[in-house]
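Every number in this text was worked out from the coordinates using simple rules, so none of it is lab data. This structure is a prediction, so every number in the text was calculated from the model and none was measured. Positions of Cβ are backbone-derived with ideal geometry, glycine not excepted, and every protein chain shown enters the neighbour counts.
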Amino acid sequence: MKAVFIRDVTLAFRAGGGFGLALAFFLIVVILVPFGIGPDRAILARIAPGILWVAALLACLLSLDRIFALDYEDGSLPLLATSPLPLEGLVLAKSAAHMVVTGLPLTIAAPALGFLLNMQAGAYPWLVVSLAIGTPALSMIGAFGAALTVGLRRGGLLLSLLVLPLYVPTLIFGADLVRRGADGLSVTVPLMMLSVITLGAVALMPFAAAAVLRINLR
Amino acid sequence: MSLRVTDLTCARGGVSVLSDMSFDVPAGAALILRGPNGVGKTTLLRTLAGLQPALSGRVEMAKESSAYASHADGVKQALTVTENLRFWAEIYGHDVPDAIYQTFDLDDLRQRLAGTLSAGQKRRLGLARLALIKRRVLFLDEPTVSLDAFSVKLFAQWMQGHLTGGGSAVIATHIDLGLDAPELDLTPYIATQDETGGSDEAFL
């Protein structure tokens, strides 16, 4: 599993690996929003948590199909499937790599972009916490979607349609956590719900993804 | 006996392709699969490797003893030759012995990115993977595609060593590898087309 993780992270940083794609998309969306909304600082402060979370979610979605599609194209997926590494472990390692390559940079960049949206001071720590807890769920659920569409050419559209509804709970509680943090309210409930979603996804999705990979590799 | 196949029927896309195959491959022996394009050589190898379920029949071999190599090499273009080999070695829990680079004539290419290799060099890299994972029973699908005569000889030499060491192999190929191995023509086993498989793929 360690080998797969290291390989995927290495590949992401090599030429054409797609590192920075999600980050650049995140940056562009968040920078463009104030231009679209106008310079009303009260409105920007109000929508900042939601915009940041929606942008992070879409940025994450952008690179999902690469999780398995690249390995499928060059033939390493069937070879990995017949290796001693269980497919569940493969899914876990590849989602972890996806999280490090997309979720982690988004989490680190988010506070700087919160500043652009005039986010309230109290929200910054919760923005980082919510993304740190929430992006693993995005990667895990996304890996399941990527496994479902692995054999399809141009499966990106189908993948988005399948995965977006599954992302909704993470988005609701993630954005709510930041909003409550900004307003100085108690964050216990969204924090716990977000953690539950992530833990559930990490526990269940590797099995679901491995099962559909097995069917797709037939 | 390292591989025993009994009454195997395998299917592609829910339609049975080959039916009622039975054969043994003892340790130290190879079996060459012959047959025209589309007869089901790849389907049979994928079924043997466990990538797809058989419609009926049994495949018996020791657990965790087989390896599969397909048309594609599973080589990552953005990694170097050494990195590619090291990855597969780690997956199987082995080291990369230096001798592998000589065996498959990859010595001068160690630090080259796999994306810059020629098709034949990539193939040699793919075959070197087989040597380093040390599996006894190999299922090889057209291992010599895009290899030149010299590389085919290198591969045949390595395969001979693998067999002498007690390994075995089922190889689908159209050329003569120069191995002393029985050949199995798949044409007599072609399934009659009205037989439909038990797979749900036909409904998808």
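Kindly indicate which of A:Leu58, A:Leu44, A:Leu92, A:Leu64 is in contact (Cβ under 8 Å) with a residue 24 or more places away in the chain, outside any helix (DSSP H, G or I) and away from chain B (no Cβ under 12 Å).
Answer to the check: A:Leu64.
Go through the range A:13-29 and count every residue that is farther than 28 Å from A:Leu116 by Cα and buried (at least 21 other Cβ atoms within 10 Å of the Cβ).
Residues that pass the stated criteria total 0.
Only one residue in B:Leu106, B:Leu117 is within 21 Å of the chain's Cα centre (by Cα), more than 10 Å from chain A (Cβ to nearest Cβ) and not charged (D, E, K, R), so which one is that?
B:Leu106
Which pairs turn up if I take residues in the range A:16-27 that are farther than 13 Å from A:Ile108 by Cα and look for partners that are among the hydrophobic types (A, V, I, L, M, F, W, C) and surrounded by fewer than 16 Cβ atoms within 10 Å (Cβ to Cβ) with beta carbon separation below 8 Å, at least 6 apart in sequence or on another chain?
A:Phe19/A:Phe13
Results for (1) out of contact with any Asp or Glu (no Cβ under 7 Å at 6 or more places or on another chain); (2) under 30 Å from A:Ala211 (Cβ atoms), shown as yes or no for each residue.
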residue	(1), (2)
B:Glu64	yes, yes
B:Ala67	yes, yes
B:Ala72	no, yes
B:Thr82	yes, no
B:Gly93	yes, yes
B:Ser118	yes, no
B:Gly126	no, yes
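From the list A:Leu194, A:Leu148, exactly one residue is closer than 21 Å to A:Ala110 by Cβ and either of a type outside the set (Ser, Thr, Tyr) or surrounded by 24 or more Cβ atoms within 10 Å (Cβ to Cβ) (or both). Which is it?
Answer to the check: A:Leu194.
Somewhere in the range B:141-156, is a residue over 20 Å from B:Ile32 (Cβ atoms), within 12 Å of chain A (Cβ to nearest Cβ) and either surrounded by fewer than 17 Cβ atoms within 10 Å (Cβ to Cβ) or not aromatic (Phe, Trp, Tyr) (or both)?
no
Can we say A:Thr82 is surrounded by fewer than 17 Cβ atoms within 10 Å (Cβ to Cβ), under 28 Å from B:Tyr92 (Cβ atoms) and polar (S, T, N, Q)?
For A:Thr82, the condition - surrounded by fewer than 17 Cβ atoms within 10 Å (Cβ to Cβ), under 28 Å from B:Tyr92 (Cβ atoms) and polar (S, T, N, Q) - is not met.
Name the one entry in A:Leu70, A:Leu11, A:Leu52, A:Leu77 that is within 25 Å of A:Gly181 (Cβ to Cβ) and either within 14 Å of chain B (Cβ to nearest Cβ) or part of a helix (DSSP H, G or I) (or both).
So the residue among A:Leu70, A:Leu11, A:Leu52, A:Leu77 that is within 25 Å of A:Gly181 (Cβ to Cβ) and either within 14 Å of chain B (Cβ to nearest Cβ) or part of a helix (DSSP H, G or I) (or both) is A:Leu52.
Quick check: anything in the range A:109-125 within 10 Å of the chain's Cα centre (by Cα) and either surrounded by 24 or more Cβ atoms within 10 Å (Cβ to Cβ) or farther than 24 Å from B:Val75 by Cα (or both)?
The answer is no, given that none of the residues of the range A:109-125 is within 10 Å of the chain's Cα centre (by Cα) and either surrounded by 24 or more Cβ atoms within 10 Å (Cβ to Cβ) or farther than 24 Å from B:Val75 by Cα (or both).
Sort out for me the helices (runs of 4 or more DSSP H) sitting completely within the range B:25-103 that have 1 or more residues that are of a type outside the set (Lys, Arg) and within 7 Å of chain A (Cβ to nearest Cβ).
Passing ranges, in order: B:41-49, B:81-91.
Just to verify a result, which residue in the range B:48-81, among those that are surrounded by fewer than 16 Cβ atoms within 10 Å (Cβ to Cβ) and acidic (Asp, Glu), is nearest to A:Val4 (Cα to Cα)?
Within the range B:48-81, the match that is nearest to A:Val4 (Cα to Cα) is B:Glu64.
A:Val101: in a helix (DSSP H, G or I), crowded, with 20+ Cβ neighbours inside 10 Å and within 14 Å of another protein chain (Cβ to nearest Cβ), yes or no?
Here the answer is yes, as A:Val101 does meet what is asked.
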